[in-house]
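Read through the structure below, which is laid out as structure tokens, and then see the notes.
Bear in mind that the values in this text are calculations on the coordinates, not laboratory data. Bear in mind the structure is a predicted one, so any value in this text is a computation, not a measurement. Cβ sites come from the backbone with ideal geometry, for glycine too, and all protein chains shown count toward neighbours.
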Amino acid sequence: MFPDFKLLPLRDPRSRLSILDYFITPRRPNVRLPPSKSDISLPTLQVNPTSSFDFPSESLSTKTQSNEVEIPEGGRQAWLVVFGSWCALFSSLGIMNTMGAFQEHISKNQLKDLDVALVGWIFSLYAFLTFGVGLFIGPIFDAYGPRYLILSGSVLVILGMYLTGDCRELWQFILCFSVLGGVGSALLFSPSIAIVGHYFNKRRGHATGLATTGGAFGGILYPFIPDIRILARLDFAITVLGVFLLEFALFVPLTYITSYSLAQGFTSSFSYLILPIINLGSVFGRWLPGFIADKWGRFNTAIIAIILTVFAVLDVWLPFGNTKPGLIVFALLFGFASGSNISLTPVCLSQLCDIKHYGRYYSTCFLIVSLGCLTGVPIAGRILDLGGGSYRGLILFVGFCYAGGLVAFLGARILATGLRVRVKY
């Protein structure tokens with residue numbers, strides 16, 4: 001006889017369901033046969049209404065639309081979920097959106113002897129697993145929620161990317177990047193999309209769209225992620241520190257020089273001319289030091305330019321900035337000397353590596369330096385506030401940052417050449 005089945009009704013997906021809720025559960029058959037009209041007639045199946053097919057009267061989507069299932073539609077917890085999804089998609093889709101950078105590097109280095117089409121299987125398998133494994137992840141997510149999926153996916157992605165750096169053979173890349181990375185990305189991708197729908201209904205498209213921008217931002221940043229291992233080179237690390245300090249201080253005078261001039265009692269017309277004067281000096285400061293660097297040495301020229309910058313800040317701006325001649329002289333000297341920050345630091349970095357690694361060294365340096373650009377001006381503003389409007393502390397801050405950059409560049413040069421002053425470097 002045919003067994004009687006009961007289909008379990010759907011419940012709120014945010015509750016902890018057993019994964020067996022996805023399957024129909026057999027129950028004891030409860031069948032009554034009517035008397036046969038003939039020996040060859042088939043029995044008529046009647047279902048006991050108390051134990052037979054018990055279908056829910058309405059679907060979860062219907063309950064959601066009628067507000068029977070409560071969805072937050074915002075609030076701190078809901079937006080934290082969106083942010084968490086953004087971070088997870090930054091990792092998973094961000095890698096997928098930069099596979100071209102991986103392919104170019106691997107094809108020209110570790111797997112340069114293999115056909116490009118064969119290398120392409122590494123990335124096609126990664127994409128296949130990222131989306132295909134979702135078939136199995138969806139039911140687990142609905143049953144248990146995203147926590148353990150996100151945790152295991154994060155571990156796999158980190159492990160896969162870490163091991164990929166040491167891969168040398170095709171099968172190693174397939175195992176580490178394609179399998180570990182692809183499965184890990186799948187464990188991050190599917191729950192990150194689905195969980196947003198549990199906290200938003202009317203604004204689900206907006207919230208999901210915001211979360212998925214994480215993958216786009218990952219695609220922007222990943223190609224420029226630094227190779228931290230190259231910072232183990234002491235001369236490069238010290239040079240990065242020097243460039244950081246230079247850029248940390250560079251934008252402070254450019255930001256506050258006009259307000260400084262007004263605070264000294266100069267007219268608005270004169271105060272607003274100081275920035276053009278600085279940029280006039282910078283025109284020559286970006287070209288002439290580069291020309292000299294090819295003859296005298298790049299680090300040598302950069303060190304001289306930094307010395308001139310320290311002189312302009314501490315010996316001209318600090319004591320004589322309250323006079324028109326002093327402020328004009330400072331603007332010209334600072335513009336000329338600091339202009340080399342832009343033109344000389346890249347060529348100094350190029351002297352520390354082979355030209356085929358120049359892009360990696362440059363991007364690593366300036367990703368770190370960007371933090372100085374981000375924080376230098378606000379810190380200087382805080383110093384100005386603490387000084388009660390006095391610019392002395394701000395000027396000293398700029399001068400000491402440039403002095404620290406000078407020490408760092410001198411240290412990098414000494415590591416490379418020793419104490420020989422006349423060496424072209």
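Write out the trypsin sites (Lys or Arg not before Pro) in the range 337-425 meeting two conditions: DSSP loop, and at most 16 other Cβ atoms within 10 Å of their Cβ.
Sites meeting the loop and neighbour criteria: R420, R422, K424.
Can you work out D for the range 110-162 in µm² s⁻¹ from Stokes-Einstein, where Rh is the Kirkwood radius over C-alpha pairs, the temperature is 10 °C and the viscosity is 1.306 mPa s? Can you show the working numbers first?
Working: Rh = 13.2 Å.
Translational D for this selection: 120 µm²/s.
Quick check: pseudo-label points 7 Å beyond the Cα along Cα→Cβ at K202 and F284, how many nm apart are they?
Rounded to a tenth, the inter-label distance reads 6.6 nm.
Need the full-extension length gain, L419 to I158, defined as separation in residues times 0.36 nm minus the C-alpha distance. One decimal, nm.
Numbers: separation 261, 0.36 × 261 = 93.96 nm, distance 4.36 nm.
Once the chain is fully extended between L419 and I158, it gains 89.6 nm.
Which whole-number percent is the relative contact order of the range 76-224 (Cα, under 8 Å, 6+ apart)? Before the final figure, lay out each step's value.
Working: 209 pairs, mean separation 70.0, N = 149.
It rounds to 47 percent for the range 76-224.
Any chance you could list P(r) for the range 157-202, counting all Cα-Cα pairs in 5 angstrom bins from zero, rounded to whole %?
5, 24, 21, 14, 10, 9, 7, 5, 3, 1
Calculate, for T213 and S259, the FRET efficiency according to 1/(1 + (r/R0)^6) with r their C-beta to C-beta distance and R0 41 Å; round to the nearest 0.05. Could you put the intermediate results ahead of the total?
Details: r = 36 Å, r/R0 = 0.88.
With R0 = 41 Å, the Cβ-Cβ based efficiency is 0.70.
According to a simple spin-label model (label point 7 Å from Cα along Cα-to-Cβ), what is the distance in nm between Q77 and F400?
Reported label-point gap for F400 and Q77 is 4.7 nm.
Dividing the convex hull volume of the alpha carbon atoms of the range 341-383 by its residue count, what do you get in Å³ per residue? Write down the numbers at each step before the final one.
Details: hull volume 2.9 nm³, N = 43.
Hull volume normalised by residue count: 68 Å³.
Which whole-Hz ³J(HN,Hα) couplings does the range 150-165 yield from phi under the Karplus relation 6.51 cos²θ - 1.76 cosθ + 1.60, θ = phi - 60°, glycine and proline marked x?
Going residue by residue, I get 5, 4, 5, x, 5, 4, 5, 5, 4, 5, x, 5, 5, 6, 4, x Hz, with x marking Gly and Pro.
Which FRET efficiency value, to the nearest 0.05, is calculated for L374 and T323 with the Förster distance at 35 angstrom and r the Cβ-Cβ distance?
On the way: r = 33 Å, r/R0 = 0.95.
Calculated value: 0.55.
Based on the Cα gyration tensor of the range 76-224, what are the three equivalent ellipsoid semi-axes, each the root of five times an eigenvalue, rounded to whole Å and given largest first? Please report the intermediate quantities before stating the final value.
On the way: eigenvalues 178, 48, 27 Å².
Semi-axis lengths for the range 76-224 are 30, 15, 12 Å.
Please work out, to two decimal places, the log10 of the ratio I(q)/I(0) at q = 0.17 Å⁻¹ from a Debye calculation in which every Cα of the range 228-417 carries one identical scatterer.
For the range 228-417 at q = 0.17 Å⁻¹, log10 I(q)/I(0) is -1.06.
How much length, in nm to one decimal, is gained on full extension between D166 and Y148, taken as 0.36 nm per residue of separation minus their Cα-Cα distance? Working shown, then result.
Numbers: separation 18, 0.36 × 18 = 6.48 nm, distance 2.79 nm.
Difference between extended and current length: 3.7 nm.
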